[in-house]
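Nothing in this text is a laboratory measurement; each read-out follows from the coordinates by a stated rule. Nothing here was measured: the structure is a model prediction, and the numbers come from that model. Here Cβ is always computed from backbone atoms with ideal geometry, including for glycine, and neighbour counts include all displayed protein chains.
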Amino acid sequence: MQDPNCIFCKIINGDIPAARVFENDQVLSFLDINPWNEGHTLVVPKDHHALLHQCPPETAAAVVSQLGPIARAVIESLGAEGYNILNNNGPASGQEIEHLHFHIIPRRSGDGIIRHAPQKTYPEGRIDELAEQIKKALS
Ligand code: AMP
C-alpha cells in the first residue's frame, strides 16, 4: 500500500535517499532532514496511511513498539537528557507530510525548542459533558 506522490513512500522504496537508522518488514526509521535538534528521528509504517486513526491498529502497534528502542539509541548515542515523541494528524495540527509518522526529538535541559501551551480550565459541568460525547463516539 503506497502512494506514488508521497515523499515518505519514495524514501521507503529507495527512490529518494534518507539517513536510515532502523528497518523491519513493517517499519522504517530515518533522520529528519530539518531537525529541531540534532538526531531528530522519524518512525513510519511502510504502508501508506495518512493519519493515525486511519491506520490499522496492528500496523500502528508495530510502529509504536519501535519508538522506545529507537529513542533509547538516539539519546544514548547523542548524550541527550530526554526526548519528545510527537505525532501530528491533519493540517490543523501542523502535519505537513500526509504519511503517518512519529517524531523522536532529543532534548537537553534549557534547549527551549518546545514551549508548553497555556493550560485552560473548564466551566462547571463541561468536562463531564465532553467525556459523555467522546464515550458515545467510541461505542
Ligand atoms: P510533520 O510536520 O509532522 O508532517 O513533519 C514532517 C517532517 O518530515 C518535517 O519535520 C520535515 O523536516 C521532515 N521531512 C520532509 N522531507 C523529508 C525528507 N526527504 N527526509 C527526511 N525528513 C523529511
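Quick notes on this one:
- Inter-label distance, E96 to A73: 2.5 nm, where each label sits 7 Å from its Cα along the C-beta direction.
- Applying the criteria of a DSSP loop state and at most 15 other Cβ atoms within 10 Å to the GluC sites (Glu not before Pro) of the range 38-139 yields E38, E81, E96, E124.
- Within-14-Å neighbourhood charge of Y83 [Cβ basis; K, R +1; D, E -1]: -2
- Counting only lysines at least 8 places from K46 when in the same chain, those with an alpha carbon closer than 27 Å to its own are K10.
- Local charge for T41 was computed over the other residues whose Cβ lies under 11 Å away, with Lys and Arg +1 and Asp and Glu -1, and equals -1.
- For the range 81-106, backbone nitrogen atoms closer than 14 Å to the point 7 Å from A19 Cα along Cα-to-C-beta are found at 104-106.
- The simple Förster model, with R0 at 41 Å and r as the Cβ-Cβ distance, assigns N34 and L130 a FRET efficiency of 0.70.
- Straight-line cross-link partners of K135 among the lysines, defined as a Cα under 29 Å from its Cα and at least 8 positions apart when in the same chain: K120.
- Trypsin sites (Lys or Arg not before Pro) restricted to the range 52-139 and DSSP loop, no more than 11 other C-beta within 10 Å: R115, K120
- Backbone phi angles across the range 118-123, fed through the Karplus curve with coefficients 6.51, -1.76 and 1.60 (θ = phi - 60°), yield HN-Hα couplings of x, 7, 9, 10, 9, x Hz in residue order; Gly and Pro are listed as x.
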